[in-house]
Amino acid sequence: MELDTARLHLRPFCEADRAAWLDYFDDRELRRMMGYAIEMDEAALREDFAFRLQNPEGALALCLRDGGRVIGHICVSEASPPVQADPVWGRRRGKSLSFALHRDFRRQGLMKEALRALIDRLFLDDPALEFVNGGWFSFNAASAALHKSLGFTPEFTHLLERNGERIEAIDGFLSRADWENGGRPAFRGMRRYKQQLSEEECVSVLEKEPRGVLAVLGEQGYPYAVPLDHLYRDGKLYFHGARVGHKLDAIRRCGKVSYCVMDEGYRREGEWALNIRSVIVFGRIRAMDYDEPGIEDILRALGNKYNPDPADVERELRAAIGRVQMLELSIEHMTGKLVNEA
């Protein structure tokens, strides 16, 4: 494969690239960011470069169009073992990406430029391709930000042993639907749009109703739905609960969730059927740290929503704040519907 962007040329490696490859790859911090051994002897380096020469479709040299200098690489492979073992993504057709860039050429948007063009090529060349996957370590904020800017969303984490330390690896995914939507999460429109509630009506339901059902990806790929009390505030939903359990384990594996709320409904005069407003929220949920700014105020507001005695709320707050786990759901998409049961 060969590919041109405004500033770069992607092509297979050749023997003449050895010195340029070593110039950027012989960097201890870069190898740590990639999960390689920090210390690599000459034999290991030769073996790694030989792999690139032997895989012209899977190991692409990143070259400057002006002068042709090799400044990095992108590797394209079949889905990685952790992805293949995942009960959801492991059943889909995908490709995994890894990459590296010379330290002197970072923060110039070059890798983003190259990855965007390559991802477009992968999806366009293979109509059956369902996703592209990329991974990063929790300490690599720059890689996390780059993946996010391209539309990748973190789905699950796993622990690895690298260079004598136990580190958290995060796998992100860009689905074909999200790619077609410009790197933004793609959500279905409502089929029966004439029954659709406005955003203001949806917010009203979330604010007024006391509880709903949170759906997460549970163990062995089974959905897990659990009823919860909630607080709506500034485009987010907040929940509280124990610090351990099935729900939290599922959230740590995959932060994508949905939450459904219904009101009590009403009957029109002379009719038996209920008219019920329901709202479904899609978004990403996270476990909040106990010392985050404002968390005590959120927990107090949640208590006051259900308990009419402010003094009792304060007593419960002081007794439970060290044991409770707060969850924050950032809303990405929301739909509401008015349904008549007749």
Item to check | Residue ID - surrounded by the fewest Cβ atoms within 10 Å (Cβ to Cβ), chosen from residues in the stretch 114-130 that are of a type in the set (D, E, K, R) and farther than 21 Å from Ala61 by Cα | outcome: Asp126
Checklist entry - Is it the case that some residue within the stretch 52-67 is of a type outside the set (Val, Ile, Thr), under 26 Å from the mean Cα position of the chain (by Cα), surrounded by fewer than 17 Cβ atoms within 10 Å (Cβ to Cβ) and part of a strand (DSSP E or B)? => result no
Checklist entry - Do we have Cys75 as over 23 Å from Phe156 (Cα atoms) and not aliphatic (A, V, I, L, M) here? => result no
Next on the checklist: Among the numbered criteria (1) closer than 28 Å to Asn307 by Cα; (2) modelled with pLDDT of 90 or more, which one does Phe173 miss?
Outcome noted: (1)
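Inside the stretch 63-103, can you point out the residues that are without any contact (Cβ under 8 Å) to a residue 12 or more places away in the chain and over 21 Å from Ile170 (Cα atoms)? Outline the logic, then answer.
Our first condition is that a residue be without any contact (Cβ under 8 Å) to a residue 12 or more places away in the chain; within the stretch 63-103, this holds for 67, 81, 84-85, 90-91.
Once the filter is applied, which keeps residues that are without any contact (Cβ under 8 Å) to a residue 12 or more places away in the chain and over 21 Å from Ile170 (Cα atoms), the stretch 63-103 yields only Gly67.
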Checklist entry - Quick one: how many residues across the stretch 199-217 are surrounded by fewer than 17 Cβ atoms within 10 Å (Cβ to Cβ) and not in a helix (DSSP H, G or I)? => result 3
Next on the checklist: Can you list residue pairs whose Cβ atoms sit under 7 Å apart, with the first residue in the stretch 260-289 being part of a loop (DSSP other than H, G, I, E, B) and the second being among the acidic types (Asp, Glu) and exposed (fewer than 15 other Cβ atoms within 10 Å of the Cβ)? Count only pairs 6 or more apart in sequence or on different chains.
Outcome noted: Ala273/Glu341; Leu274/Glu341
Checklist entry - Hey, among the residues in the stretch 240-259 that are in a loop (DSSP other than H, G, I, E, B) and free of Cβ contacts under 8 Å to residues at least 60 places away in the same chain, which one's surrounded by the most Cβ atoms within 10 Å (Cβ to Cβ)? => result Gly245
Checklist outcome for this item: Those residues of the stretch 1-28 that are surrounded by fewer than 18 Cβ atoms within 10 Å (Cβ to Cβ), without any contact (Cβ under 8 Å) to a residue 60 or more places away in the chain, assigned to a helix (DSSP H, G or I) and among the acidic types (Asp, Glu) come to a total of 1
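The values are calculated or read from the model by the stated rules, or taken from the named source; none is laboratory data. What you see is a predicted model, and the numbers here were worked out from it, not measured in a lab. Backbone-built Cβ (ideal geometry, glycine too); neighbour counts: all protein chains shown.
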